[in-house]
Amino acid sequence: MITCSITSPDKTTLYEKVVSVTLPAFLGQMQILPEHAEAFVLLKEGDVIVRQLDKSKEKEGGKENVTHVTGGECYVKDDKVTIIL
């Protein structure tokens, strides 16, 4: 499982038990899955979609959290995704 944190000037939101993170990367949409290689990604405007494991919504693929961003950066290492806006 992945741990994802999204940090903005106003607050930091931490998501645990994440199965995937979809990013609006400059070169196109990118999806982060468990055991992803280390990466640094620049973000453009779009939606960051964090999909968490949720037994009650397992048939729909889990719980989705959508955050609209106007840009930022993302660092991936050791199943930790850090997004700074």
Task: Residue identified as crowded, with 16+ Cβ neighbours inside 10 Å, within 9 Å of the chain's Cα centre (by Cα) and without any contact (Cβ under 8 Å) to a residue 60 or more places away in the chain among Val19, Val50 - done: Val50
- [ ] Might you check whether a residue that is closer than 15 Å to Leu85 by Cα, among the small types (Gly, Ala, Ser) and modelled with pLDDT of 95 or more occurs anywhere in the range 22-29?
- [x] yes
Task: Filter result (of a type outside the set (D, E, K, R) and farther than 17 Å from Lys44 by Cα) within the range 60-75 - done: Gly61, Gly62, Asn65
Open item on the list: Restricting to the range 1-12, name every residue that is exposed (fewer than 14 other Cβ atoms within 10 Å of the Cβ) and in contact (Cβ under 8 Å) with a residue 12 or more places away in the chain.
Closed with: Met1, Ser8, Pro9
Open item on the list: If I filter the range 63-81 down to residues being within 11 Å of the chain's Cα centre (by Cα) and among the aliphatic types (A, V, I, L, M), which single residue comes out as surrounded by the most Cβ atoms within 10 Å (Cβ to Cβ)?
Closed with: Val81
- [ ] Answer yes or no as to whether Val50 is closer than 19 Å to Ser8 by Cα, in contact with a Phe, Trp or Tyr (Cβ under 9 Å, 6 or more places away or on another chain), modelled with pLDDT of 95 or more and not in a loop (DSSP other than H, G, I, E, B).
- [x] yes
Open item on the list: Of everything in the range 16-45, what is outside any loop (DSSP other than H, G, I, E, B) and out of contact with any strand residue (DSSP E or B) (no Cβ under 7 Å at 6 or more places or on another chain)? Give them in sequence order.
Closed with: Gly28
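The values are calculated or read from the model by the stated rules, or taken from the named source; none is laboratory data. These figures come from a predicted structure and were not determined experimentally. In this analysis, Cβ positions are derived from the backbone assuming ideal geometry, glycine residues included, and neighbour counts consider all displayed protein chains.
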